[in-house]
Amino acid sequence: MATAATGRGNPEVALVGSTRVRPNLRFDHVFFFAMAVLILAAVLLGFTQTFYLRGLVPIPRFRGPHAAAPLGLTVVIHGAVFSAWILLLITQTSFVAAHRIDLHRRLGLLGFGLLCLVFLAGLAVTCEDLSRHFAPGNPRIGFSATQVLRVVSFSLLAYFGYRLRRNPAAHKRLMLIATINLLPAAVVRWPIITAGNFLLALLICLALLGVMVCYDLLSTGTVRRATLAGIALTLAVNPPIVMTYTNNAVWFRVATYMQALGRFLR
């Protein structure tokens, strides 16, 4: 997934045509740490009113009256696990920026276990959401169930990011893009700018991927294969592309099974 290394196996050295390019490693660390901070800010802005400070600050009106209902156990677990992942992302990028790679590696196995929990919690909360807000047979259930595909894409990208942990260039890009796949849920809850507009929230998240493309071009003169693969999967699980392969009876049946699982979890 990473660009080709030079004769001594340095994964941070890219080949652009026949010219060797060595990115500025110090700025590389700063960039990925700054991206992690932006993600943390987006999450705090989105979930402070509806989760972190719920009951202490008013819930935005655009969330609707159902948003004021008590949070179920599944939602609380999902929120806690997702928050732990964001904190781990900040911690890991901080260690790299501080050149404490030893500490970064020690938390690697914890990160793998946490990504498994994020997948399970994301699947559970999606199923429960389908069971709470849709009657059996509702034709809109298929579209709402597609949100689980963002959880799947997160898991795949994070898994391969873990597998490629000895390739720093690919590892950090896949981990960051994996997290961005989950970010629309936070951005759509911003009380400003998006205020419930999912399309706008998605465009903002895609803009972060555009920033990564620009960084690749500026730092190496080419777009890393890990970046391209991550963006391709992200686009594949979001509208409008996702509708081309989920608007059918097979996916509707999958959504129905997910809804049934959600009723069991409630």
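Here the residues M212, M175, ranked from fewest to most Cβ neighbours within 10 Å of their Cβ, fall in the order M212, M175. Evaluating 6.51 cos²θ - 1.76 cosθ + 1.60 at θ = phi - 60° for every residue in the stretch 39-46, the Karplus couplings come out as 5, 4, 4, 5, 5, 5, 5, x Hz, glycine and proline recorded as x.
Over all other residues within a Cβ to Cβ distance under 13 Å of I177, the charged ones net out to +4, with Lys and Arg as +1 and Asp and Glu as -1. The order of H29, H171, going from fewest to most other C-beta atoms within 10 Å of their C-beta, is H29, H171. Per-residue Karplus couplings for the stretch 147-158, computed as 6.51 cos²θ - 1.76 cosθ + 1.60 with θ equal to phi - 60°, are listed in order as 4, 5, 5, 5, 5, 5, 5, 4, 5, 5, 5, 5 Hz, Gly and Pro entered as x. Backbone phi angles across the stretch 110-127, fed through the Karplus curve with coefficients 6.51, -1.76 and 1.60 (θ = phi - 60°), yield HN-Hα couplings of 4, x, 5, x, 5, 5, 5, 5, 4, 4, 5, 5, x, 5, 5, 6, 5, 5 Hz in residue order; Gly and Pro are listed as x.
Think of it as helices only: each DSSP H run of n ≥ 4 in the chain is worth -39500 (n - 2.57), and spread over all residues that comes to -22000 deg cm²/dmol at 222 nm.
Dimensions of the chain based on its C-alpha atoms, expressed as ranges along the principal axes with the largest first, amount to 61, 43, 34 Å.
Computed from the coordinates by the stated procedures, all read-outs in this text should not be read as laboratory data. Quantities reported herein were computed from a predicted structural model and do not represent experimental measurements. Positions of Cβ are backbone-derived with ideal geometry, glycine not excepted, and every protein chain shown enters the neighbour counts.
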